[in-house]
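See structure below.
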Amino acid sequence: MDTYNWRFDAGNSVEKAINKSSERGVALYTVGEAADVLGVSVQTLRYYEAEGLVIPIHRQSRHRRYTHEDIDRLRCVRNMINKEKVSIQGIKRLLAFIPCWEIRGCSEASRRSCPAVTNATLPCWMVSNKSKECRNVECRLCAVYTQTADCHRLKQVALDCGGLRAARTNS
């Protein structure tokens, strides 16, 4: 007997997420739905999460949920990997150059001792031993993370990287 599996129909996943949107105000995709929409495997999404490229919502049940912004971020990541030929390490390095101290308005003293400023290999949301300004902020909701979901913002960061590298070196 043939049975239709809706999980492999990206259109149905999108429709299901849109229905969830009207119920909660925000569309939340399961990991399988997000994978279907993006045309990648669930393992690829988990890998991107492990690499710090996306921070999905984790429910109490430990299930991942992705928002429209997460999907946009992942499309940007996929575009950089597939079209621009940037490696995941290269993307992480690019994200590490985001001037988080400016976006968050950190004090000069905090900036001098903050590992996110002195570490030029990881995005600030992946750095352990966060500064006191960032310890109690959920990274997924932080302006540094949310403002960089847009590929155009990342492109601007890439253009400014030389200046950001100098700023980090001098801090």
Can you find a residue in segment 7-19 that is modelled with pLDDT of 70 or more, part of a helix (DSSP H, G or I) and over 27 Å from Val127 (Cβ atoms)? no
Matching residues in segment 38-54 - criterion: being touching a Lys or Arg at 6+ places or on another chain (Cβ under 8 Å), assigned to a loop (DSSP other than H, G, I, E, B) and either small (Gly, Ala, Ser) or crowded, with 19+ Cβ neighbours inside 10 Å (or both): Gly52, Leu53, Val54
Filter segment 56-75 down to the residues that are closer than 23 Å to Asp150 by Cβ, assigned to a loop (DSSP other than H, G, I, E, B) and of a type in the set (Ser, Thr, Tyr) and list them by number. Thr67
When you go through (1) under 18 Å from Leu28 (Cβ atoms); (2) crowded, with 16+ Cβ neighbours inside 10 Å one by one for Arg111, which number turns out not to apply? (1)
Every residue in segment 62-77 that is touching a residue at least 40 places away in the same chain (Cβ under 8 Å) and aliphatic (A, V, I, L, M), please. Ile71, Leu74
So Leu95 fits all but one of (1) touching a Pro at 6+ places or on another chain (Cβ under 6 Å); (2) buried (at least 17 other Cβ atoms within 10 Å of the Cβ); (3) not in a helix (DSSP H, G or I); what number is the exception? (3)
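The values are calculated or read from the model by the stated rules, or taken from the named source; none is laboratory data. Keep in mind that this is a model prediction, so the values were computed, not measured. Counting neighbours? That spans all protein chains shown, and the Cβs are built from the backbone with ideal geometry, glycine included.
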